[in-house]
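Asks: Let me begin by handing over the structure; questions about it come next.
What follows draws every value from the coordinates through simple rules; no lab data is involved. All values reported here derive from a predicted model rather than from experimental measurement. Cβ coordinates were reconstructed from backbone atoms using ideal geometry, including for glycine residues, and neighbour counts include every protein chain displayed.
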Amino acid sequence: MSEYKKKFVLDEERIPKAWYNIVPDLPTMPAPPLNPATLQPAGPSDLEPIFPPSIIAQEVSAERYIEIPEEVHQIYRLWRPSPMIRATGLEKALDTPAKIFFKYEGVSPAGSHKCNTAVAQAYYNKRDGTTRLATETGAGQWGSAMSMACHMFGLECMVYMVKVSYEQKPYRRSMMHLWGANVIASPSDQTNAGRAVLAEDPDSLGSLGIAISEAVEDAVTHPGSKYALGSVTNHVLLHQTVIGEEAVLQCQEADAYPDIVIGCVGGGSSFGGIAFPFLRENLAGKTHTRLVAVEPTACPTLTKGEFVYDFGDEARTTPLFKMYSLGHDFVPAGIHAGGLRYHAMAPLISHVYHLGLIEAVAVRQTKVFEAAQLFARTEGIVPAPESAHAIRTAIDEALVAKEAGESKTILFNLTGHGYLDLGAYDAYFEGNLEDYDHPDEAIAASIARLPKVN
């Protein structure tokens with residue numbers, strides 16, 4: 001393979017034809033979601049108020065592969081396959097024998113991996129008769145992607161954006177407005193859930209849990225509306241596996257199969273998207289790739305949460321899911337990686353972590369931005385703050401390889417660009433970003449309020 005091909009591994013014919021569902025390949029099945037009223041396993045009927053039939057079928061599916069509809073595949077061709085790029089400049093700066101690659105999802109129209117599931121969800125909702133979608137967004141990547149996808153399929157879009165990000169990232173709002181969405185800061189006075197939060201704390205920074213409560217309430221109270229979720233659920237992780245399926249092929253073609261695959265985690269969709277196809281190969285006994293999930297110390301769901309049944313939202317309107325959680329009413333500090341400020345982890349990610357099939361680490365904000373600056377200066381791409389968590393850990397692993405004199409191959413998921421997050425970089429350069437480790441006693445208090453489910 002030419003040097004160019006080794007650095008930019010591209011093949012326009014390698015867009016996956018199907019999404020990969022890891023559930024049939026797991027050594028044990030994940031615990032089912034529960035109806036919060038009966039504490040019995042929740043069935044498809046419990047999801048009907050918020051999701052369309054096609055999405056519910058994927059959520060509960062036990063099929064290993066689900067074909068990507070041609071209409072979705074055609075839109076994917078706008079940016080897929082995304083490039084896998086060797087970070088030779090970063091390798092040189094670190095003086096490491098490790099080979100570092102990144103899968104770059106910032107080439108999508110909205111600038112992040114979120115388009116992979118937004119387009120799929122908009123397609124299925126339109127096909128099933130939905131006319132309007134309500135959703136939430138943290139840093140704005142999901143809201144942007146959903147706004148774009150809704151416009152493509154002629155759906156109205158209502159976005160509840162976590163207030164701290166609504167104020168920190170005004171140009172994300174501009175993107176959503178450009179694609180025709182209505183965007184409201186959460187908590188808001190538009191829903192009972194939002195009003196309840198504001199009554200208790202008028203200055204609340206908001207959280208994804210609160211914004212989810214508002215979006216779900218909005219969806220069930222407006223005719224023709226359904227709810228769209230950007231992470232956590234099985235169907236979202238399913239759609240994101242286009243990332244990992246492409247990456248497996250690209251690594252094989254580049255003769256650079258990874259020893260370590262790294263991704264940031266908030267709700268878990270981007271990490272599951274890149275990691276699950278590699279985990280499939282591990283489970284089949286073909287490989288022994290380490291899979292490392294990276295979260296912020298300000299919201300340490302995997303590293304300090306508990307594996308319990310909990311609600312997916314603050315107002316307790318969702319089913320109970322078995323997942324690592326800090327408590328549904330946990331409100332993280334207002335860090336700039338708004339997409340990672342979620343109290344819980346996807347049930348599938350939680351399950352494989354509990355089984356010891358993946359690893360997790362937590363990193364501090366200033367070290368993340370230090371890594372992002374080095375990456376921007378060596379590779380020319382300004383990364384999103386969320387993605388920079390993976391960069392931080394990739395650098396750390398490359399330095400470990402350097403110390404040991406080992407030529408490891410490292411792959412990380414660069415989930416999106418940070419060109420609309422430059423205010424965060426200004427704050428970093430001005431010395432206004434602080435590291436924040438959420439106090440153990442505050443986490444313990446939040447966990448103590450978890451539902452009591454045997």
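Asks: About its Cα centre, how strong a charge dipole does the chain have in debye, to the nearest 20, once Lys and Arg get +1 and Asp and Glu get -1 at the Cβ?
Replies: Numbers: 37 positive and 54 negative charges, 153 e Å.
It comes to approximately 740 debye.
Asks: I've got another one for you. With each run of n ≥ 4 DSSP H residues scored as -39500 (n - 2.57), what mean residue ellipticity at 222 nm is computed for the chain after dividing by its residue count and rounding to the nearest 500 deg cm²/dmol?
Replies: -12500 deg cm²/dmol, from helical runs alone.
Asks: What FRET efficiency comes out for His73 versus His151 if R0 is 22 angstrom and r is the Cβ-Cβ distance? Round to the nearest 0.05.
Replies: Efficiency, from the Cβ-Cβ distance: 0.70.
Asks: Taking square-rooted eigenvalues a ≥ b ≥ c of the alpha carbon gyration tensor, is region 30-115 rounded, prolate or oblate, where a/c under 1.5 means rounded and, failing that, a/b exceeding b/c means prolate?
Replies: It is prolate, given that a/c is not under 1.5 and a/b is the larger ratio.
Asks: Is the shape of region 59-218 rounded, prolate or oblate, going by the alpha carbon gyration tensor and its root eigenvalues a ≥ b ≥ c, with a/c under 1.5 for rounded and a/b larger than b/c for prolate?
Replies: Oblate.
Asks: Next up: Sum up the charges of everything whose Cβ sits under 12 Å from the Cβ of Tyr324, counting Lys and Arg as +1 and Asp and Glu as -1, but leave Tyr324 out.
Replies: Result for the local shell: -1.
Asks: Also, quick follow-up: Determine the sum of side-chain charges near Arg392: Lys and Arg each +1, Asp and Glu each -1, restricted to other residues whose C-beta is under 14 angstrom from that of Arg392.
Replies: -4
Asks: Moving to a separate point now. Sort by residue number and report every cysteine in the chain with no other cysteine beta carbon within a distance under 4.7 Å.
Replies: So far as the 4.7 Å Cβ criterion goes, Cys115, Cys251, Cys264, Cys299 stand without a partner in the chain.
Asks: May I pose another question? Could you work out the local net charge near Tyr160, counting Lys and Arg as +1, Asp and Glu as -1, over the other residues with Cβ closer than 10 Å to its Cβ?
Replies: Overall, the nearby charge balance is -3.
Asks: Averaged across orientations, what area in nm² does the convex hull of the alpha carbons in region 274-395 project?
Replies: On the way: hull surface 33.3 nm².
Over all viewing directions, region 274-395 projects a mean Cα-hull area of 8.3 nm².
Asks: Stokes-Einstein at 4 °C, 1.567 mPa s, Kirkwood radius from Cα pairs: D for the chain in µm² s⁻¹? Spell out each step's value before the answer.
Replies: On the way: Rh = 21.6 Å.
Result for D is 60 µm²/s.
Asks: With the dipole of region 1-133 worked out from charges on the C-beta (+1 for Lys and Arg, -1 for Asp and Glu) around the Cα centre, which of Tyr104, Tyr123, Leu26 lies farthest toward the positive end?
Replies: Toward the positive end, the furthest listed residue is Tyr104.
Asks: Hey, another quick one. What does the C-alpha gyration tensor say about the overall shape of region 324-438? Classify as rounded when a/c is under 1.5, otherwise prolate if a/b is larger than b/c, or oblate.
Replies: oblate
Asks: Working only with C-alpha atoms, what are the Rg and Dmax values of region 165-315, expressed in angstrom?
Replies: 19.0, 58
Asks: Starting from the Cα of Asp437, step 7 Å along the direction of its Cβ; do the same at Arg316; then give the gap between the two resulting points in nm.
Replies: Using points 7 Å along Cα→Cβ, the separation is 3.2 nm.
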